[in-house]
1. How far apart, in nm, are the 7 Å Cα→Cβ label points at Glu105 and Leu237?
2. Do any of Lys19/Lys247; Lys19/Lys253; Lys2/Lys183 go past 28 Å between their Cα atoms, and which?
3. Can you tell me what percent of all Cα-Cα pairs in region 84-156 are more than 13 Å apart?
4. Let me understand the chain better: what is its radius of gyration from the alpha carbons, and its Dmax, in angstrom?
5. Compute the helix-to-body angle for 12-21: its Cα long axis versus the longest principal axis of the chain, expressed 0 to 90° and rounded to tens.
6. Given a Förster distance of 25 angstrom, what is the FRET efficiency for Ile119 paired with Ala24, based on the Cβ-Cβ distance and rounded to 0.05?
7. Any idea what the relative contact order of the chain is, in percent, if you count C-alpha pairs under 8 Å spaced at least 6 apart?
8. How high is the FRET efficiency between Arg82 and Ile215 when r is their beta carbon distance and R₀ equals 22 Å, given to the nearest 0.05?
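Read-outs throughout are calculated quantities, based only on the coordinates presented, and are distinct from any laboratory measurement. The structure displayed is predicted, hence computed values, not measured ones. We place every Cβ from the backbone using ideal geometry, glycine too, and count neighbours over all the protein chains shown.
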Amino acid sequence: MKIITLGPEGTFSHELALKMAGKAENIVLLPTIHSIMSAVARGEGDGIVPMENSEAGGVGETLDGLSKFPLFITAEMYLPIRHNLASLVTLKEMRVIYAHPQTDEQCSDMIEKWGLPVIHTSSNASSAREARKTPNAGAILSETAAALYHMPIIVKNTENSEWNTTRFVRIAATPSRHKRPEKCSILIDPDEDRSGLLHDLLGAFASRGINLSRIESRPSKRGIGNYVFFLDFSWSLKTAGALAELKKITTVKELGCYRKIGVPP
């Protein structure tokens, strides 16, 4: 089975896919999360996409894709994220930094300290390529990307927190069949706007002692003030009952129940 993930070479997604797949020939690199999800929906393989970061929060393109495409989460993985400032010049000579928007957020403390303008790019690899061809430029990227694009590391570990971690999910066209999953994810699209609606929705879990580990809202794309909600919760034998209760009062899209997979060193 092919693993489809975010390219080009040198992204954290690519780094994780290499750890999980073992061989580069089993990996397909695509330029956007939307294109990954489209390929997975066509049955071209399983996907690995970033879901959320401990510093920057949820990845909007992934959440929107899960809302749009008929896909399921079949596993989750956690990857510690270490950023580095790399450049062909010294920090004193640097005049601009290239960084992915999420990288910018995750390294905002150091960037503020340096006082240098940041130009956003589509990936770590793009940051490296732009910095290499721009005079007096630097890039914030992984150690892997720095080596791949022959960029000397000037400052190591530029992330705001030593606990900086990204949660990735594996997506597929069919759900996981694991008999004892650990976590479930759903999308709630409220059919009405009334006082106490969110309380009623969450009450289906609270009354059954089911632990909600995450709730995040995203624009529904149907106008300002209209939202959908993504929920993660611990799987239990009472999960089916909670979902049945929810479906009586709102629209629910089940995104799958799954387990955490350890990442090889």
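1. 4.0
2. Working: Lys19/Lys247 39 Å; Lys19/Lys253 31 Å; Lys2/Lys183 24 Å.
From Lys19/Lys247; Lys19/Lys253; Lys2/Lys183, over 28 Å: Lys19/Lys247; Lys19/Lys253.
3. Numbers: 1474 of 2628 pairs.
Tail of P(r) above 13 Å: 56 percent of Cα pairs.
4. 20.1, 62
5. For 12-21 against the chain, the angle is about 70 degrees.
6. Values: r = 30 Å, r/R0 = 1.18.
About 0.25, to the nearest 0.05.
7. Working: 573 pairs, mean separation 62.6, N = 265.
With pairs under 8 Å counted, the relative contact order is 24 percent.
8. 0.15
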